[in-house]
1. How do the peptides 258-264, 279-285 rank, highest first, by the average count of neighbouring beta carbon atoms within 10 Å per residue?
2. If I fit a long axis through the Cα atoms of helix 157-166 and take the longest principal axis of the Cα atoms of the chain, what angle between them do I get, 0 to 90°, rounded to 10?
3. Using 0.36 nm times the number of residues separating residue 108 and residue 28, minus their current alpha carbon distance, what extension gain do you get?
4. Which of 270, 239, 142 has the fewest other C-beta atoms within 10 Å, and how do the rest follow up to the most?
5. Helix 296-314: angle to the longest alpha-carbon principal axis of the chain, degrees 0 to 90, nearest 10?
6. Of the residues 138, 295, 251, which exhibits the maximal mean-square fluctuation in a Gaussian network model of the chain defined by a 10 Å Cα contact cut-off?
7. Where does each of 179-189, 95-105 land if you order them by average Cβ count within 10 Å, highest first?
8. Normalising by the residue count of the chain, find the relative contact order in percent from Cα pairs under 8 Å and 6+ residues apart.
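What follows draws every value from the coordinates through simple rules; no lab data is involved. Just so you know, these numbers come straight off a predicted model, no measurement behind them. Every residue, glycine among them, receives a Cβ derived from its backbone with ideal geometry; neighbour counts consider all protein chains shown.
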């Protein structure tokens, strides 16, 4: 027999209702995705407050092209996470936006016309070509040349991220990861502008190598020592899977929150709900876990604001 849950409660929001109260209302409203959002706040606040927990942040590079880069940067600045797993595009966009600018655009712009004007389009974000390829080439080559002159002959992607972060400033997520000694690991490093620049650098310096096995050493040392682990996963693909993959070696994540717009019916990794990972041993059976079906640039700012409030009250 199915047991009925509590009665659905109508939401009530006044002009002086604070954001924690709104999330509490969401939890009791019985309304579709809102309950997953409210549950996500509880999962994250518990995970971040758990001093025994090794905390992962994974995200896809595209969101760094948007204003959400500021939230990513602030979460790393706050030291909410111990390790970051992302894609090469995140490094590309962090460099490009630190040294130049992207512009607001539209999903409906004429891409043939944009190409004639030497402008790339990423959704409704416009990326001037001069702000991307040539700029990234100039900066990464100079960063690597400096490291080479200092005696570096082999680096991991985590060390590459540190080398870049050292040259950036306070609006860069890579800077704050470098400043707070938080490794940023990029398992798909060759799939992007920065990775291509590393390859080009090795064409001139044949004794210089990128060692991705060294990243595995970093992760294994963290994972095998962890008493608990948790993850906030923003979008799918390799960054999400790499986070789950490594946590299977300690019998799975104890906390897991995934935000995605993908659906599960094509069998894709990006569409797979967090609970599917339980069957693979990548999330524990007793984990606090949830999947929020939403577009991350819309949802995360509100979730972040609620976290700031809730974590302040929990201190």
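1. Numbers: 258-264: 19.4, 279-285: 17.0.
The densest-packed peptide leads the list: 258-264, 279-285.
2. That helix lies at roughly 80 degrees to the long axis.
3. Details: separation 80, 0.36 × 80 = 28.80 nm, distance 3.85 nm.
Extra length available between residue 108 and residue 28 comes to 24.9 nm.
4. On the way: 270 18, 239 25, 142 11.
Neighbour counts put them in this order, fewest first: 142, 270, 239.
5. Computed tilt is about 70 degrees.
6. 138
7. Numbers: 179-189: 20.5, 95-105: 17.2.
Going from most to least packed, we get 179-189, 95-105.
8. On the way: 543 pairs, mean separation 68.5, N = 315.
Answer for the chain is 22 percent.
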